[in-house]
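Structure first, commentary second.
The values are calculated or read from the model by the stated rules, or taken from the named source; none is laboratory data. Because the structure is a prediction, the values reported are computed rather than measured. Counting neighbours? That spans all protein chains shown, and the Cβs are built from the backbone with ideal geometry, glycine included. All accessible areas refer to the heavy atoms of the entire protein, side chains included, with ligands and DNA or RNA removed. Shrake-Rupley method; radii C 1.70, N 1.55, O 1.52, S 1.80 Å.
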Amino acid sequence: LELEYGCMVGANAYLTPGPKDATMTSARGGGVDGCQGFAPHYDDIEAFVLQLEGRKQWRVYPPPTASDELARVSSRDYKPDEVEGWGTDPTVDAILEPGDVLYMPRGWVHQAHTVPSEGHSLHLTVSAYQGWSWADLLELILPEALESAASSGTSSSLREGLPRDFLSYMGAVHAEAG
């Protein structure tokens, strides 16, 4: 997969006990919806969920804000009432069965729980594109490029002193409103 995607790929297996095996938790804050491993959250990865055993209900919501779209870091855990307070219905509300695959882009909030009257659930999450954005690349290469240019023996222009009073005419504060 790493050769196909051209980036690092990871995989995690998640076993969620069924109602007979664990204390039930509510995924939505009211009533018993099944056993849940994680609170609602979003990840900093492109995730492919492959359902292997049992059944699991997934709810997937759009990113809470525009800056969460294509997130570069994972979110904190959200409380169920926070998710309900967004006033957004899930984009995906589906029960995965063995053999089903669900794709979740970075920044999309998701929560999952076992189907109440059934047993455990086992799924594999295959992850890609963690730390693999243009911003990640530029954060890595720009400091090295700047250091190389500043220490160049062929040009000293980046080592010259800044112009006198340059702050009085540089920056957004001096931009024309438009």
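Values for this structure:
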{"read-out": "Subset of segment 119-146 [open to solvent by 30 Å² or more (accessible area, probe 1.4 Å) and in contact with a strand residue (DSSP E or B) (Cβ under 8 Å, 6 or more places away or on another chain)]", "value": "H120, L122, L124, Y129, Q130"}
{"read-out": "H110, sole failed condition from (1) surrounded by fewer than 16 Cβ atoms within 10 Å (Cβ to Cβ); (2) in a strand (DSSP E or B)", "value": "(1)"}
{"read-out": "Top-ranked residue in segment 86-101 [being small (G, A, S) and open to solvent by 60 Å² or more (accessible area, probe 1.4 Å); ranked as nearest to the chain's Cα centre (by Cα)]", "value": "G87"}
{"read-out": "Test: V83 is open to solvent by 80 Å² or more (accessible area, probe 1.4 Å) and either in a strand (DSSP E or B) or out of contact with any Cys (no Cβ under 6 Å at 6 or more places or on another chain) (or both)", "value": "no"}
{"read-out": "Near pairs, Cβ below 8 angstrom, 6+ apart or cross-chain, from segment 86-103 (more than 14 Å from W58 (Cα to Cα) and in contact (Cβ under 8 Å) with a residue 12 or more places away in the chain) to any residue that is open to solvent by less than 60 Å² (accessible area, probe 1.4 Å) and assigned to a loop (DSSP other than H, G, I, E, B)", "value": "W86/P64; T88/P62"}
{"read-out": "Residues of segment 114-168 that turn out to be in contact (Cβ under 8 Å) with a residue 12 or more places away in the chain, charged (D, E, K, R) and in a helix (DSSP H, G or I), as a count", "value": "1"}
